[in-house]
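Some notes on the structure that comes next.
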Amino acid sequence: MRPLTLLPLLGLTLSLALAPCRAELLDGQAWLTHVRQDLAPFWYQAADGITDGAFPSFLCNDASRPDPKALLAEPKPASLCPELANPPDWIAEGLPYQWTRMVSRQSFAYAMLFHLTGDPKALALARQGVDFLRTRALLPHDPQQRGRDGAITRFQAGQAADSPADRTSQDLAYIGLGLAAWYYVSGDAGALADLQRLQDHLFTAYLDQAHQRLTWFPASRTQDQQVELVAQLDQLNAYLVLLAPWLQGQQQALWHQRMTWLAQSLVRDFYAPAEGRFYGYLHDDSGKLPSARHADFGHSSKSFWMLYLTGRQLGDTLLTKLAEGGLYSLLARAYREDQLKNLPVPLPAGADGSQQVGWWGDRDGENGSAWWEYAELDQAAATLGLENANPRRYLYRTWPSWFATFVDHQNGEVWGWINDAGSLKVHLWKNGYHSLEHALIGYLTAQAFQAKPVTLYFARPLTVGEEVPVYYYRAKVLACQSASQQDGIWQVTLSAPQLP
């Protein structure tokens with residue numbers, strides 16, 4: 001790994017005048033209310049009548065499930081909801097399939113709904129989705145071997161609709177997401193074993209030995225091979241960073257080794273220190289352009305965030321400081337404070353009667369933001385805010401702006417683009433993953449900022465007095481009591497979360 005160039009931003013006071021003194025950060029209760037009122041009803045309706053975890057990849061914006069035949073009909077029937085009747089081409093191309101990664105993301109969403117509310121219904125739905133992943137998607141289907149040969153990444157009419165040569169390392173990483181979330185809340189050793197075999201498959205079948213990174217398609221595929229940032233990044237993001245603190249012995253050492261290896265690849269191959277960002281891909285020179293796919297603030301902030309958390313876990317001071325400096329720089333560039341009309345956030349009005357709001361932009365010099373990158377930037381700022389009050393200043397405005405611009409307070413969930421009511425809420429890449437992770441981290445950090453304990457739910461007991469991982473943070477178990485003996489649910493009170 002080459003020497004790392006630190007960005008000269010640590011400890012500096014940002015020049016932005018954010019967060020008037022009279023303002024207060026949203027508290028943890030606001031995030032729990034968001035989960036119960038805006039997110040849970042939508043995702044419960046989305047699963048109504050499903051008993052086998054085969055969650056569909058496309059939903060109408062009111063959470064109703066479209067007729068699969070109507071999705072594929074040409075012309076589309078008038079009965080089909082308008083948001084799916086004329087979707088963008090990149091979404092339309094995915095309509096014939098049920099995407100396994102989206103079953104996994106929805107399983108994650110139910111696991112986090114349970115984690116935050118203790119609702120047995122959410123726990124049962126998470127288990128359903130994970131059972132689908134384990135018994136239908138992971139290969140071979142033998143319970144003692146599943147995951148060893150990867151997984152089916154998409155289905156059509158209940159049958160595999162892909163080939164091993166076309167399965168991407170990113171898709172397999174996100175299949176691991178649901179398994180990781182399930183192990184986190186339940187401690188299910190079988191799910192962890194399946195995830196371990198899937199991970200081992202990724203680090204063998206997708207290993208580029210010559211360049212010391214993961215390939216996009218299996219390494220045995222020699223044509224049209226792509227070199228993608230997310231092939232490396234999403235292994236960290238989907239399961240490695242979350243679960244490594246729960247492991248022990250040789251297994252934890254292996255995960256730490258792979259985290260280090262991926263971090264080295266991200267910094268060595270994709271990091272552009274002079275520009276303070278990451279390249280989206282390397283198989284074509286266009287991947288280094290600021291306008292390239294995956295060159296947005298979302299992917300760069302997620303890269304820095306995962307490197308920061310990896311550095312904290314592994315005690316790698318150099319990596320931690322590189323990522324911390326990169327985040328400070330990126331947050332300052334991504335933050336916007338503009339006069340925007342028709343944006344009813346509870347902030348001071350501008351001279352022209354419009355609202356002055358703070359929010360996250362997409363790229364240098366470009367406005368707008370997708371739901372997932374806005375969430376990632378919020379999460380990065382909140383994480384840094386656990387040890388430094390400076391990044392919290394953004395959250396005084398970006399948190400309220402999330403509720404004002406993204407959340408559909410009538411039908412639930414969040415829109416796909418800032419201040420764009422009507423954009424499709426559920427499709428082959430958008431699901432409950434980012435909105436639930438955003439709410440969880442909002443709750444954990446909001447409580448921590450006020451030095452207040454958190455209450456979470458697990459499908460396993462935790463030991464009072466023990467310090468345990470709490471998502472990407474750590475906290476001490478203050479109390480643990482059975483919330484539902486019938487469902488094996490435990491209500492756990494923990495101290496205010498801290499960084500590892």
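Determine one quarter of the surface area of the Cα convex hull of the stretch 430-495, which equals its mean projected area, and express it in nm² to one decimal.
Taking a quarter of the hull surface, the average projection is 4.9 nm².
Expressed as a fraction of 2.2 N^0.38 Å, the rule-of-thumb size for a compact globular protein of N residues, what is the C-alpha radius of gyration of the stretch 161-268?
Compared with the compact-globule rule of thumb, the stretch 161-268 sits at 1.04.
Quick one: grab the alpha carbon gyration tensor of the stretch 267-337, order the square roots of its eigenvalues as a ≥ b ≥ c, and give me rounded if a/c is under 1.5, else prolate or oblate depending on whether a/b is larger than b/c.
oblate
Using the structure shown, list the pairs from 121/430; 69/302; 69/288; 76/302 with a Cα-Cα distance above 31 Å, or answer none.
69/302; 69/288; 76/302
Given the C-alpha centroids of the stretch 29-68 and the stretch 79-119, what is the distance between them in whole angstrom?
9 Å
Ranked from highest to lowest mean number of other Cβ atoms within 10 Å per residue, what is the order of the peptides 412-420, 248-256, 199-207, 161-169?
Ranked from most to least packed, the peptides come out as 412-420, 199-207, 161-169, 248-256.
In debye, nearest 20, what is the charge dipole magnitude of the stretch 160-281 about its Cα centre with +1 on Lys and Arg Cβ and -1 on Asp and Glu Cβ, if you could check?
My answer is approximately 280 debye.
Quick check on the chain: take the gyration tensor over C-alpha atoms, sort the square-rooted eigenvalues as a ≥ b ≥ c, and tell me if it's rounded (a/c under 1.5), prolate or oblate.
Taking the square roots of the gyration eigenvalues as a ≥ b ≥ c, the chain is rounded.
Given a Förster distance of 60 angstrom, what is the FRET efficiency for residue 64 paired with residue 318, based on the Cβ-Cβ distance and rounded to 0.05?
0.75
Excluding same-chain residues fewer than 8 positions from residue 452, which lysines have a Cα within less than 21 Å of its Cα?
Cross-link targets: 476.
Please state the charge dipole magnitude for the chain, taken about the Cα centre, from unit charges on C-beta atoms (+1 on K and R, -1 on D and E), reported in debye and rounded to the nearest 20.
840 debye
Is the C-alpha gyration tensor of the stretch 380-490 telling us rounded, prolate or oblate? Criteria: a/c under 1.5 is rounded; beyond that, a/b larger than b/c is prolate, otherwise oblate.
Oblate, since a/c reaches 1.5 and b/c is not below a/b.
With label points built 7 Å along Cα→Cβ from the Cα atoms of residue 30 and residue 451, find their separation and express it in nm.
2.1 nm
Quick note: the coordinates plus some simple rules give every number you see, no bench work behind them. Everything quoted here is computed from the prediction, not taken from an experiment. As a convention, Cβ positions derive from the backbone with ideal geometry for all residues, glycine included, and neighbour counts pool all protein chains shown.
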